[in-house]
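Some notes on the structure that comes next.
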Amino acid sequence: MSWCPGGDKLDQEIFDAMSEFIAYMMQRGERLAQRYDVPVPAIKALHRIDAPVPMKDLGQQMHCDPSFITMIADILERRGLVRREPNTADRRVKNLVLTDRGHEVKAAVEQYMLGLMPWTHALDRSEREQFLELLRKMCKSLEADTAAAGEPETEVSSATGVTQPVG
């Protein structure tokens with residue numbers, strides 16, 4: 001591809017390889033969702049719930065609007081994976097709490113996910129450590145760029161699944 005005329009060929013190849021990698025990872029995520037009958041966004045939420053968590057906090061962690069978190073909570077609750085409980089500090093706030101089944105499914109999903117990750121099979125320990133260091137370095141760069149540019153945070157819209165500015 002040559003979407004970047006006059007650009008660095010190496011950067012183009014990295015972009016293309018990352019695009020391919022992300023596509024493979026998304027396919028694996030969809031297979032995981034089908035295997036456990038839990039949509040990908042709900043799996044992401046399940047992964048983030050360790051202790052009782054206010055729905056608002058979970059939404060902030062996932063960069064989702066409140067209606068999307070409500071939809072995810074409904075999905076997880078219907079499958080018996082979480083229950084809603086009043087927050088002890090503010091009874092108007094609802095916490096999501098994993099059920100026993102939720103703990104079991106979360107553990108199974110996370111174990112299965114680890115087996116799907118290509119770095120566990122393709123990279124030795126030293127390469128995985130380097131890969132992690134590079135990923136963290138790129139994330140810090142993205143975070144700094146976002147803060148320096150004054151870019152607004154984004155959230156996922158429940159209606160479209162598209163990222164929208166918050167605010």
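Below are the figures for this structure:
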| quantity | calculated |
| --- | --- |
| Matching strands (runs of 3 or more DSSP E) fully within segment 61-167 where at least 1 residues are at pLDDT 95 or above | 82-86, 94-98 |
| Search result, residues across segment 111-132 that are touching a residue at least 40 places away in the same chain (Cβ under 8 Å) and loosely packed, with under 13 Cβ neighbours inside 10 Å | PRO118 |
| Members of segment 74-83 that are free of Cβ contacts under 8 Å to residues at least 24 places away in the same chain and buried (at least 16 other Cβ atoms within 10 Å of the Cβ) | ARG83 |
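The values are calculated or read from the model by the stated rules, or taken from the named source; none is laboratory data. Model, not experiment: these values are computed from the prediction. Here the Cβ is made from the backbone with ideal geometry for all residues, glycine too, and neighbour counts use every protein chain on show.
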